[in-house]
Amino acid sequence: ACMLCGRAEADPDTCGHKLQKQGLCAHVFCLFFANELSQERGPDEGLVGFLPEDIQRVIKRAARKRCVVCGESGATITCRQTGCDRSFHLPCAAEGGCVTQFIFHF
């Protein structure tokens, strides 16, 4: 299962394909949407440039946050609206009517 959303199977259009490497497992989009997680290296290192220690740090911090949609812990994404502190898992966002947007920076 993805270490960020907790799902073994998820819609690839929502979460991207699942990566497994160095004892880690995560969907590509779950990595990109997770709070305070950024690509620090080239795509051949870690999971598409996301370092294992950074992923583990995000997982540990998210363990204290509950998803507003499913109620489970491990929500890695927090609403970006000013004053909103709701958190969720990426696949739950679509199910709960949350709007997600990714803007690729060159």
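The values are calculated or read from the model by the stated rules, or taken from the named source; none is laboratory data. These numbers come from a predicted model, not from an experiment. Quick reminder, even Gly has a Cβ in these numbers, built from the backbone with ideal geometry, and neighbours come from all protein chains shown. SASA here: full protein model, heavy atoms, side chains in, ligands and nucleic acids out. Shrake-Rupley method; radii C 1.70, N 1.55, O 1.52, S 1.80 Å.
Hey, H17 hits all of (1) open to solvent by less than 30 Å² (accessible area, probe 1.4 Å); (2) without any contact (Cβ under 8 Å) to a residue 24 or more places away in the chain but one; which does it fall short on?
Failing condition for H17: (1).
Among what's in region 51-69 and is free of Cβ contacts under 8 Å to residues at least 24 places away in the same chain and hydrophobic (A, V, I, L, M, F, W, C), pick the residue that is most open to solvent (accessible area, probe 1.4 Å).
If we take residues in region 51-69 being free of Cβ contacts under 8 Å to residues at least 24 places away in the same chain and hydrophobic (A, V, I, L, M, F, W, C), then A63 is most open to solvent (accessible area, probe 1.4 Å).
Quick one: S87 ticks every box in (1) surrounded by 15 or more Cβ atoms within 10 Å (Cβ to Cβ); (2) in contact (Cβ under 8 Å) with a residue 60 or more places away in the chain; (3) of a type outside the set (A, V, I, L, M) bar one, so which box is it?
(2)
Looking at (1) in contact with a helix residue (DSSP H, G or I) (Cβ under 7 Å, 6 or more places away or on another chain); (2) free of Cβ contacts under 8 Å to residues at least 40 places away in the same chain; (3) open to solvent by 30 Å² or more (accessible area, probe 1.4 Å), find the lone condition where C79 falls short.
All conditions pass for C79, except number (1).
Which helices (runs of 4 or more DSSP H) does region 1-85 wholly contain that include 1 or more residues that are closer than 21 Å to G96 by Cα and out of contact with any strand residue (DSSP E or B) (no Cβ under 9 Å at 6 or more places or on another chain)? Give the steps one after another, and end with the answer.
Working: elements: 12-15, 28-33, 52-62.
Once the helices (runs of 4 or more DSSP H) in region 1-85 are filtered for at least 1 residues that are closer than 21 Å to G96 by Cα and out of contact with any strand residue (DSSP E or B) (no Cβ under 9 Å at 6 or more places or on another chain), what remains is 12-15, 28-33.
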